[in-house]
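In what follows, a structure is listed as structure tokens, so that the remarks can point back to it.
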Amino acid sequence: YRHFGDRDGLLAAVADRFADGLVARLTEALSSSVDPRAQVTAAVESYVSFIEADPALYGFLTQQAPASSPVLLGVVDRVAAALRPPMDAALGPLGIDPAAVETWAYGIVGMVHLSGSRWAAHPTVRRERLIADLVALVADGILGAPSSLDAGE
């Protein structure tokens, strides 16, 4: 507590460490291909690998920080921001409204976070199945979206 001040300071430091590592991995994974489906696969794979690499850190963060806490929301903001450039590059030419892309970035973060958290605590399916199911939902859902989506429709 001398170093972090209090429990919230410790939690904030853990969240920063978590976000730094996760964003670095996601950025690397997303730059590994220009194919959108391959990017989705690499990003989901890197997130699941990140959970597996340090389950104690992941568990501490997800169990100690309420979903609406500024600490966890800061992590979500950073991860969603890392997803935006490749999503904009893939979806912008299709005429997808940037507001929809932002909503989807946050939706992907929430979906993978909650699914990954549940899987880490209760691995009812093999790792490969978890990744394949998440990729199918994200890639088929977003890449199959009509290009006519725009504000107000």
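The values are calculated or read from the model by the stated rules, or taken from the named source; none is laboratory data. Predicted, not measured: the structure shown is a model, and the values here were computed from it. Every residue, glycine among them, receives a Cβ derived from its backbone with ideal geometry; neighbour counts consider all protein chains shown. In case anyone asks, the SASA skips ligands and DNA or RNA and just uses the protein heavy atoms, side chains included. Shrake-Rupley method; radii C 1.70, N 1.55, O 1.52, S 1.80 Å.
Points worth noting:
- One residue alone among Ala99, Ala105 is open to solvent by 40 Å² or more (accessible area, probe 1.4 Å) and without any contact (Cβ under 8 Å) to a residue 60 or more places away in the chain, and that residue is Ala99.
- Qualifying residue in the stretch 66-73 (condition: over 18 Å from Ala29 (Cα atoms), touching a residue at least 60 places away in the same chain (Cβ under 8 Å) and of a type outside the set (Asp, Glu)): yes
For (1) at pLDDT 85 or above; (2) hydrophobic (A, V, I, L, M, F, W, C); (3) under 26 Å from Ala139 (Cα atoms), each residue gets a yes or a no:
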{"residue": "Arg7", "(1), (2), (3)": "no, no, no"}
{"residue": "Leu10", "(1), (2), (3)": "no, yes, no"}
{"residue": "Pro55", "(1), (2), (3)": "no, no, no"}
{"residue": "Gln63", "(1), (2), (3)": "no, no, no"}
{"residue": "Pro66", "(1), (2), (3)": "no, no, no"}
{"residue": "Ser69", "(1), (2), (3)": "no, no, no"}
{"residue": "Val76", "(1), (2), (3)": "yes, yes, yes"}
{"residue": "Ala82", "(1), (2), (3)": "yes, yes, yes"}
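- Subset tally (residues that are buried (at least 19 other Cβ atoms within 10 Å of the Cβ) and farther than 19 Å from Ala24 by Cα) for the stretch 84-96: 3
- Among the candidates Val71, Val23, Val34, the residue that is part of a loop (DSSP other than H, G, I, E, B) and more than 19 Å from Leu130 (Cβ to Cβ) is uniquely Val34.
- Contacts under 8 angstrom Cβ, first residue in the stretch 38-59 being part of a helix (DSSP H, G or I), partner surrounded by fewer than 15 Cβ atoms within 10 Å (Cβ to Cβ) and basic (Lys, Arg), 6 or more apart: Val48/Arg127; Glu52/Arg127; Leu57/Arg17
- Scan of the stretch 64-83 for residues that are crowded, with 16+ Cβ neighbours inside 10 Å and either within 18 Å of the chain's Cα centre (by Cα) or among the aliphatic types (A, V, I, L, M) (or both), ordered by number: Ala65, Val71, Leu72, Val75, Val76, Arg78, Val79, Ala80, Ala82, Leu83
- Identity of the residue in the stretch 40-63, over 18 Å from Arg118 (Cβ atoms) and of a type in the set (Val, Ile, Thr), that ends up most open to solvent (accessible area, probe 1.4 Å): Thr41
- Candidates in the stretch 1-39 are the residues that are hydrophobic (A, V, I, L, M, F, W, C) and open to solvent by 80 Å² or more (accessible area, probe 1.4 Å); of these, the one that is nearest to Tyr106 (Cα to Cα) is Val34.
- Within the stretch 92-138, the set of residues being basic (Lys, Arg) and touching a helix residue (DSSP H, G or I) at 6+ places or on another chain (Cβ under 9 Å) comprises just one member, Arg127.
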